[in-house]
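Take a look at the structure below.
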Amino acid sequence: MYLQKRNRILRQSPAIRSLIAETRLTADDFIVPLFIDEGENKSTEIASMPGYYRRSLDLTVKEVEQLWSMGLKSVLLFIKCKDELKDNNGTEALNPKGLMQRSIQAIKAAVPGILVMTDVALDPFSSYGHDGIVDDNEIVNDPTVEVLAKMSVSHAKAGADFVAPSDMMDGRIGSIRKALEQSGFTKTGIMSYSAKYASCFYGPFRDALDSAPGFGDKKTYQMDYSNRLEAIRETLLDVEEGADIVMVKPALAYLDIIREVKNAVQVPVSAYNISGEYAMIKAAAKMGWLDENKAIIETLTAIKRAGADLIATYFAKDAVRLIS
């Protein structure tokens, strides 16, 4: 049999496969999510995220120093608010001496070069566990946006490089951009969760911050997972309103959306390899059903191949060790 073209020639050795690989992971691809709690010398493993921890600020700073030494250059901060400080208006979110603001300041003081991104949403601060202000069992849009804009300015004052609104309220990117500009924070970036789907894969994250909704669900503001064109509309609006980076969340079940968004915009695209995706790999590896290290690299490569320029992932440290 005569074959004019033998495609397997380019697969026959590690050397040739490495030479022609189309997608490569580096430490520059990753954003490291960090969960921060009050207290000192406190580290709590998250039960549904084996190997991942919620730390007090002092230990978080040490963790960031280690991340920087490994070549990881960006962190995304989430804080656990005390129950007694939660209310329906996100009051603690605006506290200049709040845990988020103190965390930004401490991290930037310890590692000035690291890129600090901050979560902007009300669910960690809400007595209802929702991303917005609640009025008669409805998450109200415009009053929430006003608080999110103030929250973003508060983070910028503390030294955040990027604010990352994850709430999916309408018009919040434009309002945040306007507030930052009017307050003189013309260098503070916005990484918008532009296509954030209502997903069952968020469960472990809500365990980490004790931020599960107290009633109902989040389907009136997060997107329906059956929709594709809606993601493009949402993302283009965010870019028009001033987003510097756009995000698709979750990642693994939404690789097609990552590619669609990448093709539609001319700004960097990020994707969030979320807690449930992390937990699935950890659980399967614990049972001996797959090779954890191989699954990590294959998963992250798939997300980058789909079009993500940046990947927020709990596997960042593992990935750097594996690819170095």
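The values are calculated or read from the model by the stated rules, or taken from the named source; none is laboratory data. Every value quoted in this text rests on a predicted model; they were computed, and no experiment measured them. Because the Cβ atoms are built from the backbone with ideal geometry, glycine has one as well, and the counts that use them run over all protein chains shown. Calculation scope for accessible area: heavy atoms of the full protein, side chains included, ligands and nucleic acids excluded. Shrake-Rupley method; radii C 1.70, N 1.55, O 1.52, S 1.80 Å.
Split the accessible area of the range 221-324 by element, probe 1.4 Å, and carbon with sulfur accounts for 52%.
Per-residue counts of other Cβ atoms within 10 Å, averaged by peptide: what ranking do you get for 216-225, 287-296, 256-265, 122-131, highest first?
Numbers: 216-225: 15.5, 287-296: 13.4, 256-265: 19.3, 122-131: 23.2.
In decreasing order of mean packing, 216-225, 287-296, 256-265, 122-131 become 122-131, 256-265, 216-225, 287-296.
Go ahead and run the numbers for FRET between Thr26 and Ala109, Cβ-Cβ distance against an R0 of 22 Å, rounding to 0.05. Once rounded, the FRET efficiency stands at 0.20.
Each helix, a run of at least 4 DSSP H residues, gives -39500 (n - 2.57); summed and divided by the residues of the chain, these come to -12000 deg cm²/dmol at 222 nm.
Couplings 3J(HN,Hα) of the range 153-164, computed from phi: 5, 4, 5, 5, 4, 6, x, 4, 7, 9, 9, 10 Hz, in residue order, whole Hz [Karplus 6.51 cos²θ - 1.76 cosθ + 1.60, θ = phi - 60°; x for Gly and Pro].
For the range 1-98, the extents of the C-alpha atoms along the principal axes are 77, 31, 27 Å, listed from largest to smallest.
Pairs of C-alpha atoms in the range 76-177 farther apart than 25 Å represent 15 percent of all such pairs.
Give me Rg over Rh for the chain, both radii from the alpha carbons and Rh done the Kirkwood way, two decimal places.
We get a ratio of 0.99 for the chain.
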